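Quick notes on the structure that follows.
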Amino acid sequence: MKKLVLSICLLVSGGYSFGQVVPSSCTAPDSIMTIYREDAYRLTVLRSLRNNLPQQDSISISVDEANKVWRAMIAVYNAVSLPARDSVIHQFDIHTSRSPSLISFSIIADSTLPWMQQLGMGNIPTGTPEVDSLLIPYGLMVNSYFRRFGSEVNHWVFFKSDSFYNTRALAKAFEKIQGVSHTEPEFAIGDGNYIIDSIYNDHVELIYSLGWGDCPAGCINRRFWKFNVYNDCSVEYMGSYGDLIDITGMEAIEMLEPLVYPNPFSDELRFEKIDGPFVYTLIDEQGRIIMKGSTDDKKTSKLNTLLGGLYYLRIETRNGIYTTKVIKLSR
């Protein structure tokens, strides 16, 4: 399991000089560009939501704005002469938060409708123009379909696309269709590392954030590094602030969250990236504890008796508590 040890040199906030502008480049090999592409598009969506901009209601993401942020992130990556760059790129590998997903969302709708029956069979187009006008232009596919727990009529459809979209706006578009009772972009529970961006006429501001201390429940501590990337791709490190990172003499902090799969699942859930024994709890939509146990076998079985539906999975490890959504497929 990969662990990142926080360097003692980060104890002193003045350890890095700032206000220093260094030349850089906004281009990189495709393998590096790909790593930051999703970050740039997600930041564009998050910025529109954070600032309550009209773009928050647009399904398509502005390519021009995403490219500005993408180039800025690559410039920071290439600014190797800045020690702070090594912290956010190599030491902590900071990216955007996992929410919202740019490729997947779900709807709950009346399963007696003809178009829902077509989706249940995996058929696109469905033959209903109002629905197909959203499915086809955005390349949506049915990722999973099942009966919602506690309802015989309302079924759950999870959609997935190969392209990046503002899934919050796309999900809301489905709310206008008769028979749809609920829509929701895919999101992650908890907190962690993230990036905040701001676009100005002459530069892009990037603030990288490192969180630690029970992040699945909301990080207790947080440190920030601020960079300005100018239109010529030069980078200025503006300094760091927040909680001091001090784990000298302590065990390394685990920076990777548990991996839970498959999701949706039929009979069994598997766990990876968990160091040592752990306790798991399954909670239904009404908040009732359905199952609880402990294991170090990297899997939990005997889930075939569960009713199909949405559950909250809580994992307690020696490194903290992690909560996520899991879906049990109906038989």
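General observations
- The figure for Arg98 is an accessible area of roughly 100 square angstrom, using a 1.4 Å probe on the protein chains alone.
- Label-to-label distance, Ser99 versus Glu316, with points set 7 angstrom from Cα along the beta-carbon direction: 2.2 nm.
- Site pair Ile199 and Gln91 shows an inter-label distance of 3.1 nm when each label is modelled 7 Å from Cα along Cα→Cβ.
- Note on region 21-99: with neighbouring protein chains present and a 1.4 Å probe, carbon and sulfur make up 53 percent of its accessible heavy-atom surface.
- Other-chain or far-sequence residues with amide H under 5 Å of Ser24's (modelled H): Ser234, Val235
- In terms of distances greater than 21 angstrom between alpha carbons, the cross-link table entries Lys273/Lys325; Lys160/Lys325; Lys176/Lys328; Lys160/Lys273; Lys226/Lys325; Lys292/Lys328 yield Lys176/Lys328; Lys160/Lys273; Lys226/Lys325.
- For region 116-131, backbone phi angles converted through the Karplus equation (6.51, -1.76, 1.60; θ = phi - 60°) give residue-by-residue couplings of 5, 5, 5, 5, x, 8, x, 8, 9, x, 8, x, 9, x, 4, 7 Hz, Gly and Pro being listed as x.
- In plain terms, the chain from Asp57 to Met121 could stretch by 20.0 nm, reckoned as 0.36 nm per residue minus the Cα-Cα distance.
- For region 17-165, the fraction of alpha-carbon pairs in successive 10 Å shells from zero, as %: 10, 29, 26, 19, 10, 5, 0
- Once divided by 2.2 N^0.38 Å, the Cα radius of gyration of region 80-211 becomes 1.38.
The values are calculated or read from the model by the stated rules, or taken from the named source; none is laboratory data. Here the structure is a predicted model, which means the values were calculated and not measured. Cβ sites come from the backbone with ideal geometry, for glycine too, and all protein chains shown count toward neighbours. Protein only, heavy atoms only, side chains kept; ligands, DNA and RNA dropped before computing areas. Shrake-Rupley method; radii C 1.70, N 1.55, O 1.52, S 1.80 Å.
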